[in-house]
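Values quoted throughout were computed directly from the atomic coordinates according to the rules given, and no laboratory measurement underlies them. Treat the numbers as computed from the prediction; the structure is a model and nothing was measured. Cβ placement follows ideal geometry from the backbone for every residue including glycine, while neighbour counts extend to all protein chains displayed.
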Amino acid sequence: MKITPVNHNKKQFLALLLLGDEQESMIDCYLERGTLYVLQDPEVRAVCVVTDEGDGVLEIKNIAVSPEFQHQGYGRRLIAFIENAYQTFYHILRVGTGDSPLTLPFYERCGFREVRRIPGFFTEHYDHPIIEAGKQLVDMVILEKDF
Ligand SMILES: CC(C)(COP(=O)(O)OP(=O)(O)OC[C@H]1O[C@@H](n2cnc3c(N)ncnc32)[C@H](O)[C@@H]1OP(=O)(O)O)[C@@H](O)C(=O)NCCC(=O)NCCS
């Protein structure tokens, strides 16, 4: 298994990125300024995008594992890789996600804790309803963990 940064033609991974964030115009807001990592084992299995948010905060903007390879530890390995790679330079790792049973337990198992919510984020910023586990996402849940 290897995890490597991708600097060119990041959109070749759009199908996976859309699993983590289903509106392409939202992905366009962070893909170029962010650092994209691809996990291969040996084929591409997962992606992750992180951005520098200033004040020692690194944010996970997108993380996605191919559906057939979910729940096999790849997501956790990507988080561990990010923590290891950035621990010298950052003190908080942040992620924003929907109030969904498909994602919140994953982040909590990886040691993140909810710090606040952004009311109406998904209904205001997305051009269509985002449905997860049969429920429309409304607020964004912000979770953080210390490096
Ligand atoms: C969310 C996602 C990235 C998790 O990656 P993954 O490789 O499936 O997760 P892992 O196998 O590494 O799981 C790590 C831990 O989280 C737990 N977990 C993962 N998904 C879970 C879920 N839906 N419910 C409960 N626990 C979950 C696992 O049981 C595991 O816990 P353990 O180590 O104590 O056994 C992946 O499922 C995914 O790509 N989903 C679709 C895209 C998406 O929603 N991305 C997040 C956008 S915010």
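Checking residue 105 against (1) without any contact (Cβ under 8 Å) to a residue 60 or more places away in the chain; (2) surrounded by fewer than 16 Cβ atoms within 10 Å (Cβ to Cβ); (3) more than 7 Å from the ligand (Cβ to nearest atom): exactly one of these is not met. Which one?
All conditions are met except number (3).
Determine whether segment 71-87 contains at least one residue that is at positive phi and surrounded by fewer than 20 Cβ atoms within 10 Å (Cβ to Cβ).
Of all residues in segment 71-87, those at positive phi come to 71, 73.
Now narrow it down to the ones that are surrounded by fewer than 20 Cβ atoms within 10 Å (Cβ to Cβ): 71, 73.
Yes: one or more hits.
When you scan segment 88-95, do you find a residue that is buried (at least 16 other Cβ atoms within 10 Å of the Cβ) and within 9 Å of the ligand (Cβ to nearest atom), even just one? Quick ask: steps written out before the conclusion?
Just the residues of segment 88-95 that are buried (at least 16 other Cβ atoms within 10 Å of the Cβ), to begin with: 90, 93-95.
Checking which are within 9 Å of the ligand (Cβ to nearest atom) leaves us with 95.
Yes, segment 88-95 contains at least one residue that is buried (at least 16 other Cβ atoms within 10 Å of the Cβ) and within 9 Å of the ligand (Cβ to nearest atom).
Can you say whether residue 39 is surrounded by 17 or more Cβ atoms within 10 Å (Cβ to Cβ), more than 15 Å from the ligand (Cβ to nearest atom) and touching a residue at least 24 places away in the same chain (Cβ under 8 Å), as far as the supplied structure shows? Lay out the reasoning, then the answer.
On the way: surrounded by 17 or more Cβ atoms within 10 Å (Cβ to Cβ): yes; more than 15 Å from the ligand (Cβ to nearest atom): no; touching a residue at least 24 places away in the same chain (Cβ under 8 Å): yes.
No.
Six or more apart or on different chains, Cβ under 7 Å: which pairs go from a residue in segment 17-33 that's more than 25 Å from residue 70 (Cα to Cα) and without any contact (Cβ under 8 Å) to a residue 40 or more places away in the chain to one that's surrounded by 12 or more Cβ atoms within 10 Å (Cβ to Cβ) and not aromatic (Phe, Trp, Tyr)? Could you list them?
Every condition considered, the pairs that remain are 33/51.
Can you pull out the residues in segment 48-87 that are acidic (Asp, Glu), away from the ligand (no atom under 13 Å from the Cβ) and assigned to a strand (DSSP E or B)? Break it down into steps so the answer makes sense when it comes.
Residues of segment 48-87 acidic (Asp, Glu): 52-53, 55, 59, 68, 83.
Retained after the next criterion (residues that are away from the ligand (no atom under 13 Å from the Cβ)): 52-53, 55, 83.
Once the filter is applied, which keeps residues that are acidic (Asp, Glu), away from the ligand (no atom under 13 Å from the Cβ) and assigned to a strand (DSSP E or B), segment 48-87 yields only 52.
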